[in-house]
Amino acid sequence: MLYFTDGIYSSVTGMARTYIADLHQHVGKEVQLHGWLYNKRSSGKIRFLLLRDGTGVVQCVVVKANVPEQVFAVTDTLTQESAFSVRGTVRADSRAPGGFELDVTDIPKVYQVAAEYPITPKEHGVEFLADRRHLWLRSARQHAVLRVRHRIIKAIRDFFDGRGFTLVDSPILTPAACEGTSTLFETDYFDLGKAFLTQSGQLYAEAGAMAMGKVYCFGPTFRAEKSKTRRHLTEFWMVEPEVAFNDLNDDMELAEEFLEYIVQSVLKDCAGELSVLERNTALLQNVKKPLPRISYDEAVEILHRKGQPFEWGNDLGGTDETVISEQFDRPVMVHRYPAEVKAFYMKRDPQNPKVALAVDVLAPEGYGEIIGGSQREDDLDVLLARLKEHNLPQEAFEWYLDLRRFGSVPHSGFGLGVERTVGWICGLDHVRETIPFPRMIYRITP
RNA sequence: UCCGCGAUAGCUCAAUGGUAGAGCAUGCGGCUGUUAACCGCAGGGUUGUAGGUUCGAGUCCUACUCGCGGAGCCA
């Protein structure tokens with residue numbers, strides 16, 4: 001990848017700016033880099049400055065005999081995270097982790113000498129780092145996670161955009177609970193009463209699908225549940241495709257192609273990042289369609305065979321999901337859940353009205369549910385009955401019911417949780433590292 | 001809301017109920033190839049808060065606060 005070694009000039013020296021990731025193109029030439037001091041080592045008359053610029057880290061070697069006295073003196077004033085620019089000659093060196101070093105000729109500008117930096121090269125606890133998330137983002141590990149996250153989001157957009165989907169954004173402020181189940185964040189909304197932060201864009205995506213055929217919405221989602229686990233955030237990102245005339249099987253096919261596309265894109269473009277994260281990619285290589293499909297009934301059989309206490313009719317818990325996913329070498333799709341544990345809008349299976357035409361995709365290695373989807377109930381009268389059963393106010397859903405009054409068709413869709421997907425692909429032990437500024441029940445800063 | 005674990009130097013952690021310690025970071029000094037560099041010296045503490053037991057509490061007891069993990073709920 002090229003990082004714009006283009007016409008951007010330093011106002012200080014009039015010399016083109018070069019990025020560390022592009023150094024391989026400049027071996028033997030003089031370049032000027034701009035960045036921050038990542039770490040420093042010294043040995044008498046030689047200084048090793050580790051410079052990071054967002055694209056990588058390079059060791060800059062300052063030899064006392066080779067630079068003016070004041071340049072050498074400047075190196076002793078630079079503290080960790082001080083910002084400066086450095087000029088020198090690029091040299092390939094097998095000892096360097098990145099393969100290249102810079103033989104420094106000048107330090108033309110020191111932007112700022114940083115105050116004592118709290119995050120040292122040694123280990124820190126999670127609370128300490130979380131309090132300084134805005135600085136923690138500068139570390140190599142966090143760079144890798146954020147780059148993978150970026151690549152995943154790009155893959156999501158490329159996948160749908162390349163298949164004729166239209167992005168139809170759903171609102172974040174909504175008048176009522178979408179599904180009536182979760183606890184939502186509430187706020188005053190002028191003279192119109194209460195408003196809630198959305199827990200899902202799905203109902204609006206259905207309206208989009210009836211208008212445009214194939215749509216997806218992609219935005220932040222909010223849950224006020226007091227969930228306190230490594231898989232939960234109060235604010236997270238979800239992408240929700242919705243397709244008119246798709247049944248449950250079409251939905252599962254879309255989901256497996258989608259997951260394959262995301263994972264293979266990351267494997268292809270983020271090998272360096274996954275290496276920094278020490279991620280074993282063997283299982284990720286397996287993520288290709290077809291993904292195994294089992295019914296909820298078969299999932300219950302697996303649990304019983306593995307000695308897991310479980311009663312038909314319950315939803316799968318975190319441990320149950322892990323036990324099931326351990327039986328497979330790639331994500332597994334579990335379909336046809338008991339209708340009673342699922343949302344009101346899911347269509348029941350005509351073959352067995354006790355189950356809903358729903359599907360959850362469970363990621364391997366205990367990362368849990370990354371996709372939840374279903375075929376939607378498209379019959380007006382059935383939907384009206386479901387609203388009553390769930391004690392939901394019909395008037396709040398009139399617009400949604402209109403979708404069944406004016407050209408109702410079978411349709412289906414699903415939602416993918418971005419943070420869980422990032423956590424799974426990166427092999428992280430907590431979703432709080434998958435988003436730049438995580439929001440959890442006991443943390444809203446920084 | 002429930003269950004479990006934890007809180008000691010800026011950070012990560014030690015310390016049988018008997019004088020509060022180390023590594024890193026910081027400051028000073030040394031070293032021309034260091035890779036979380038190394039070597040020497042120095043500064044740095046109301047042991048989360050409030051009570052209690054004891055001749056004596058970082059250590060034992062009670063309550064509280066905050067955090068972490070899990071359950072429930074969910075992506």
Chain A, helix-only ellipticity at 222 nm - DSSP H runs n ≥ 4, -39,500 (n - 2.57), divided by all residues, nearest 500: -8500 deg cm²/dmol
Fluctuation leader among A:139, A:325, A:42 - chain A, Gaussian network, Cα springs under 10 angstrom: A:42
Cα gyration tensor shape of region A:212-295, rounded if a/c is under 1.5, else prolate or oblate by comparing a/b with b/c: oblate
Region A:352-446: chymotrypsin sites (Phe, Trp or Tyr not before Pro) in DSSP loop, at most 12 other beta carbons within 10 Å: A:406, A:442
Residue with peak Gaussian network fluctuation, chain A [Cα springs, cutoff 10 Å], from A:351, A:394, A:59: A:351
Debye-sum result for chain A in log10 I(q)/I(0), which assumes one identical scatterer on each alpha carbon, at q = 0.06 Å⁻¹: -0.35
HN-Hα J in Hz across region A:330-341 - Karplus 6.51, -1.76, 1.60, θ = phi - 60°, x for Gly and Pro: 7, x, 10, 9, 10, 10, 6, 7, x, 4, 5, 8
Residues with amide H under 5 Å from that of residue A:184, placed H, sequence gap 5 or more: A:224
Separation between Cα centres of region A:139-209 and region A:273-298, rounded to whole Å: 25 Å
Proximal lysines relative to residue A:289, as straight alpha-carbon distance under 22 Å, when same-chain residues fewer than 8 apart are discounted: A:154, A:214, A:268
Average Cα contact separation per residue, region A:131-433, under 8 Å, 6 or more apart, as relative contact order %: 19 percent
Trypsin sites (Lys or Arg not before Pro) within region A:225-299, DSSP loop, no more than 16 other Cβ atoms inside 10 Å: A:226, A:228, A:230, A:288
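DSSP loop trypsin sites (Lys or Arg not before Pro) in region A:34-70 with at most 14 other Cβ atoms within 10 Å of their Cβ, which ones? List each step's numbers first, then the result.
Details: sites: A:40, A:41, A:45, A:47, A:52, A:64; in loops: A:45.
Loop-located and lightly packed - A:45.
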Fluctuation leader among A:361, A:215, A:110 - chain A, Gaussian network, Cα springs under 10 angstrom: A:110
In degrees, nearest ten, helix A:248-269 long axis to first principal axis of chain A (Cα): 10 degrees
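At a 1.4 Å probe radius, carbon and sulfur cover how many percent of the accessible area of chain A?
Carbon plus sulfur share of accessible area: 52 percent.
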Under Karplus coefficients 6.51, -1.76 and 1.60, residue-wise ³J(HN,Hα) of region A:184-194 in Hz, glycine/proline x: 10, 6, 10, 8, 6, 10, 6, 8, 9, x, 8
Rounded to 5, percent antiparallel among DSSP beta bridges of chain A: 90 percent
Chain A, accessible area per residue, ligands and nucleic acids excluded (1.4 Å, Å²): 47 Å²
Whole-Å distance, taken between Cα centres, linking region A:335-403 and region A:219-246: 16 Å
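The values are calculated or read from the model by the stated rules, or taken from the named source; none is laboratory data. Just so it is clear, the structure is predicted and the values come from calculations on it, not from any experiment. Positions of Cβ are backbone-derived with ideal geometry, glycine not excepted, and every protein chain shown enters the neighbour counts. Remember, those area values only see protein heavy atoms, side chains included, never the ligands or the DNA or RNA. Shrake-Rupley method; radii C 1.70, N 1.55, O 1.52, S 1.80 Å.
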